[in-house]
Amino acid sequence: MNDEARQTFINESEEMLQSMEDSLLQMEQEPENAEYINSVFRSMHTIKGAAGIFGFDFIVDFAHPVETVMDEVRDGAHQVDEFLIAWLLKCKDHTEVLIHNVSAGDENNISQELINEGEKLIAEFSGHSLSNTDDNQTKSNTGAHGAVESWVISLDFKKDTFRNGFDPLSFIRYLEKLGDIREVITDLEDVPFAEEMDPESCYLSFKILLNSSASKAEIESVFEFVLDDCDIQIIPPKTQNDVYLNLLETLDYEQEKRLGEILVSIGAITDFELKKALAAQDHSIDQATADPTKAIEPLGEILIEKDSVSKPVLEKALDRQKQSREENKSIRVDANRLGQLINLVGELVISNAAVKLMVEKHGLYDVQEVVAEVENLVEDIRDNALELRMVPIGETFSRFRRVVRDVSRELGKDIDLVITGGEAELDKTVVEKINDPLTHLVRNSLDHGIETPEERELKGKPRQGTLTLNALHDSGHIVIQIADDGAGLDAEKIRTKAEANGLIQPGQQLSKRELFRLIFEPGLSTKQQASNLSGRGVGMDVVKRNIEALRGNVEVDSEPGKGTLVTIQLPLTLAIIDGFMVGASRERYVIPLSMVEECVEMDSKEWELSETSHYVNLRGEVMPYLRLTEFFSIPTEKRLGVKRESLVVVRFGRNKAGFVVDELYGELQTVIKPLGKLFENLTGVTGATVLGSGEVALILDVQGLIALASSGSASKKIATDLAEA
Amino acid sequence: MAKRILVVDDSSSIRQVVGIALRGAGYEVIEAGDGKDALSKMSGEKIHLIISDVNMPNMDGITFLKQVKLNPKYKFTPVIMLTTEAGRDKVNEGRDAGAKAWLVKPFQPPKLLDAVEKLVLP
Amino acid sequence: MNTESSAEMVFNMAEDLTIYSVAELKDSFMEYAEKTQELKVTLEQVTEFDSAGFQLMMFIINFANATEKTCVIKRLSKPVIDVLMLLGMNEDFSFKKNLASQEASL
């Protein structure tokens, strides 16, 4: 190309750019004026055309998409707004730079950087326009104008991906629908390069840079079918993190939310990520329950580890959560009024059950849907009403600071109190009733458990002893742990004492756990000299009784010289439970659902009763059982032919037992009505409930029944042992 | 080359709606009314994706799927199972039989198309 | 469909280069690779190409590197090019945009 033609091109282009800038500035004043829009379009169109003739492809490549956008603006597809004008001005500037390259004679040496810059600029617009077309997204994407930075999506496919019928390339292609794939890094590291490579196994992993205004959940949904076949990580662009931070800043909490809920609500993590993190936390709770030295990993840390959320966003969310807690305005309400409300909700649950029953009875199918909706609402109301009475246990724990300080001083001990899990919540009525047993247990630890500094030093322990109070939620229960690093329980002394008191037969075989459990029996104290604080071990039996009255359970574990751990398990509330209804003869009984392990249908070959030894054998697992008709001495109806019984396996703490019943009715919500004084001493029953039909069903005291079932079979076993001897 | 999808459902109206959506997106569609019908219509043809209902007369979706997966030709063919909320318990059985993608009925055609395109592009 | 002409010793990849055929194709490729130091693979017949097919291609290249054989992959068909473009690997195969059926040497 000769220099003259080149100069013409440059001059013309510069003219065009100048007119473009003028029009843009006018556009700011009159955005609706079509003349300016046309003028901008023409400028870009002319430059593109001329550059094409001269073979300046790098200019064509950039001008073409800009021209397309302007064409769409002319058609009314995009609004003329501040963003558009600002963007077009930047495009004009960029074109100018490109043309300067031509005038400098550098057209054959266009740097990659410059080209990238152009592409970035184009992407900036497509990112913006996407976010505008989707109304739901607009809000969460405000401030994301410059979404030039990319999402980083890591996909690590598992071996069976192909075999399961999935083609990773299909998902990546589909991803193009959500935005602009900037780069795909294919990791072939794991593809073996020799004989052992199985071509039907998938060894591929990818890292994808995606420019998109889609939300994290939308991106994740592309992979909805391979969530199990692929490890997926979606890391938002930096700019997106700012969006999350902004959302957190402006988020208005009407009610306190959990951390996971907050992060999901602003789109920082997806439901699936939350589910996975919670599963990981459950696992860590299981470990911590088994071994109190292990700490429960906070949800936030798990999310960070999995790269589900960035640290600043997490910290901000935690901050906001704390803030909202403090900000939350509270009002004082008379506890009786709350109690009344909860009672009424209970009645509502029953009435709703009655309605449901009637609807089913009369086959009103068109009403069913409405009833189902009401049922959901009632359930929500119930949960919310119960939540009103929920208080964190931390306050109860904190009261022990003073106790520990005073008592350790009095006894000349040096004891540190560590409190964890104070945010775990439970019903206020439960909190009130747990205070006394807890005080007893803490005092026992202080008094009998932790040694004096001198004794500790002799044993090679730190002079300062530690008492730990911990609380955590575990499947509808709250678990409270009192742990000390004191002397531990002396199994032999307990045995001697128990034998002396006639609690056990001399020489009777007992497991360590069974032996420790004896300390909850009346009149057993292991300390030779009782102190004036915790007395002679009186109290431990009271502790147990109190906890059981709350439908709870207490277990003790100890290692000589190392310390003692007392674990209390309690229901979160006393008012309403989810129950499982069974029938024995004509009577109906309710078993708290959280205690039901499984139900085995009638006539199943999976279980076998041994009437003589009072054990049931379920798939090789042996456990004691109770037949409800026998236990409650219900006159059995005349049953012809085969007995049709079912087995309900219940669990309390570590103990399991089977209830043999005639009928399985299924789950229901149950409002516990205390039995009158008259029935206070009834064994095996904790309360009653009124069914929708007006009938009364008894609520079974699973724990009591397990104990009875075990002792029944235990005594039989001893009897047979003796007979054999 | 257009990708071929086999649609198995006993409801002719569902087959029709699904068929229109898929053909419109550029797929080739074979329709069958139940598992048996589907097996005879496949007869060795290359199939890129199977969309199947669970409850059908003659041969239900899961039995059909087990049969299909016996044929090495269809060992790797992706399957989308259509299920109703009530049939949730079938999901595990279906998964074992080789259906890794599920779609809950009723669905809008775009939702189906989304699911299909994630697995096989037209 | 993968024929080997003895004169040139070219491995002609089958039409269907997908999960359905990769096991078989790998076996015949390994047989082919034993006979020659200069691996030549043509892809012009490939009409169906999926992740498993792509993975097999990458295996062939890795295998050639590991065994110090030369490897020329020739005549990429449209479906193959589409995938390489998607993955941004067109550069690796040193062929230019819009030019199908270019030879790519490695």
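The values are calculated or read from the model by the stated rules, or taken from the named source; none is laboratory data. For clarity, every value in this text was computed on a predicted model and none was experimentally measured. Positions of Cβ are generated from backbone atoms using ideal geometry, with glycine treated the same way; all protein chains shown enter the neighbour counts.
Points worth noting:
- Among (1) among the charged types (D, E, K, R); (2) in contact (Cβ under 8 Å) with a residue 24 or more places away in the chain; (3) not assigned by TED's automatic domain parsing to the domain that holds A:ARG443, the one test that A:GLU423 misses: (3)
- Selected residue [aliphatic (A, V, I, L, M), closer than 25 Å to C:GLU24 by Cβ and assigned to a strand (DSSP E or B)] from B:ILE80, B:ILE50: B:ILE50
- Candidate set: region B:1-29, residues that are in a helix (DSSP H, G or I) and hydroxyl-bearing (Ser, Thr, Tyr); chosen: the one nearest to B:VAL68 (Cα to Cα): B:SER12
- Check on A:PHE162, over 27 Å from A:PRO65 (Cβ atoms) and touching a residue at least 24 places away in the same chain (Cβ under 8 Å): yes
- Filter result (β-branched (Val, Ile, Thr), over 17 Å from A:GLU14 (Cβ atoms) and touching a helix residue (DSSP H, G or I) at 6+ places or on another chain (Cβ under 9 Å)) within region A:54-77: A:VAL60, A:VAL69, A:VAL73
- Meets criteria (touching a Phe, Trp or Tyr at 6+ places or on another chain (Cβ under 6 Å) and over 17 Å from A:PHE206 (Cβ atoms)) for C:VAL83: no
- Candidate set: region A:574-588, residues that are part of a strand (DSSP E or B) and over 29 Å from the mean Cα position of the chain (by Cα); chosen: the one surrounded by the most Cβ atoms within 10 Å (Cβ to Cβ): A:VAL582
- Take the conditions (1) modelled with pLDDT of 80 or more; (2) surrounded by fewer than 16 Cβ atoms within 10 Å (Cβ to Cβ); A:SER693 misses just one of them, which is (1).
- Residues of region A:174-207 that turn out to be of a type outside the set (A, V, I, L, M, F, W, C), in a strand (DSSP E or B), facing chain C (nearest Cβ under 8 Å) and under 16 Å from C:GLN55 (Cα atoms), as a count: 1
Condition check ((1) closer than 21 Å to A:ASP22 by Cα; (2) of a type in the set (Phe, Trp, Tyr)) across all residues:
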residue: A:ILE53; (1), (2): no, no
residue: A:PHE56; (1), (2): no, yes
residue: A:ALA63; (1), (2): yes, no
residue: A:THR68; (1), (2): yes, no
residue: A:VAL73; (1), (2): yes, no
residue: A:PHE83; (1), (2): yes, yes
residue: A:ALA86; (1), (2): yes, no
residue: A:ASP93; (1), (2): yes, no
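- Top-ranked residue in region A:444-470 [being assigned to a helix (DSSP H, G or I) and over 38 Å from the mean Cα position of the chain (by Cα); ranked as farthest from A:LEU411 (Cα to Cα)]: A:LEU458
- Residues (farther than 23 Å from A:PHE520 by Cβ and in a strand (DSSP E or B)) located in region A:400-441: A:ILE415, A:ASP416, A:LEU417, A:VAL418, A:ILE419, A:THR420, A:GLU425, A:ASP427
Yes/no matrix, rows are residues, columns are (1) farther than 30 Å from A:VAL418 by Cα; (2) part of a helix (DSSP H, G or I):
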residue: A:ILE350; (1), (2): yes, yes
residue: A:VAL359; (1), (2): yes, yes
residue: A:GLU369; (1), (2): yes, yes
residue: A:VAL378; (1), (2): yes, yes
residue: A:LEU386; (1), (2): no, yes
residue: A:VAL391; (1), (2): no, no
residue: A:SER398; (1), (2): no, yes
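- Looking across region A:208-236, the residues that are within 14 Å of chain C (Cβ to nearest Cβ), under 30 Å from C:LEU25 (Cα atoms) and in a strand (DSSP E or B) come down to A:ILE208, A:CYS230.
- Pick from region C:64-82, criterion touching a Ser or Thr at 6+ places or on another chain (Cβ under 9 Å) and part of a helix (DSSP H, G or I), ranking: farthest from the other protein chains (Cβ to nearest Cβ): C:ILE81
- Residue satisfying all of: in region C:24-63; buried (at least 21 other Cβ atoms within 10 Å of the Cβ) and either part of a loop (DSSP other than H, G, I, E, B) or among the small types (Gly, Ala, Ser) (or both); farthest from the other protein chains (Cβ to nearest Cβ) among these: C:VAL46
- Across region A:555-573, the number of residues qualifying as buried (at least 21 other Cβ atoms within 10 Å of the Cβ) and of a type in the set (Lys, Arg) comes to 0.
- Evaluation of A:GLN368 against (1) within 30 Å of A:ALA483 (Cα to Cα); (2) over 30 Å from the mean Cα position of the chain (by Cα) (one fails), failing number: (1)
- Any hit, region A:136-151, residues being outside the structural domain of A:ILE10 (by TED's automatic domain parsing), part of a helix (DSSP H, G or I), small (Gly, Ala, Ser) and at pLDDT below 80: yes
- Summed over region A:545-573, residues that are of a type in the set (A, V, I, L, M, F, W, C), out of contact with any Lys or Arg (no Cβ under 7 Å at 6 or more places or on another chain) and part of a loop (DSSP other than H, G, I, E, B) total 1.
- When B:PHE64 is tested against (1) farther than 26 Å from A:ASP229 by Cα; (2) surrounded by 18 or more Cβ atoms within 10 Å (Cβ to Cβ); (3) touching a helix residue (DSSP H, G or I) at 6+ places or on another chain (Cβ under 7 Å), exactly one condition is not met: (1).
- Residues of region B:82-100 satisfying the condition of being within 11 Å of chain A (Cβ to nearest Cβ) and touching a helix residue (DSSP H, G or I) at 6+ places or on another chain (Cβ under 7 Å): B:GLY98, B:ALA99, B:LYS100
- Test: residue in region A:677-690 that is buried (at least 16 other Cβ atoms within 10 Å of the Cβ), under 30 Å from A:GLN340 (Cβ atoms) and modelled with pLDDT under 75: yes
- The one condition in (1) surrounded by fewer than 18 Cβ atoms within 10 Å (Cβ to Cβ); (2) under 30 Å from A:ASP3 (Cβ atoms); (3) touching a residue at least 12 places away in the same chain (Cβ under 8 Å); (4) among the hydrophobic types (A, V, I, L, M, F, W, C) that A:VAL102 fails to fulfil: (1)
- If you go through region B:101-122 and keep only what is touching a residue at least 24 places away in the same chain (Cβ under 8 Å), facing chain A (nearest Cβ under 10 Å) and more than 13 Å from the chain's Cα centre (by Cα), you end up with B:GLU117, B:LEU121.
- Failed criterion for B:MET59 (all others in (1) of a type in the set (A, V, I, L, M); (2) outside any helix (DSSP H, G or I); (3) within 14 Å of chain A (Cβ to nearest Cβ) hold): (3)
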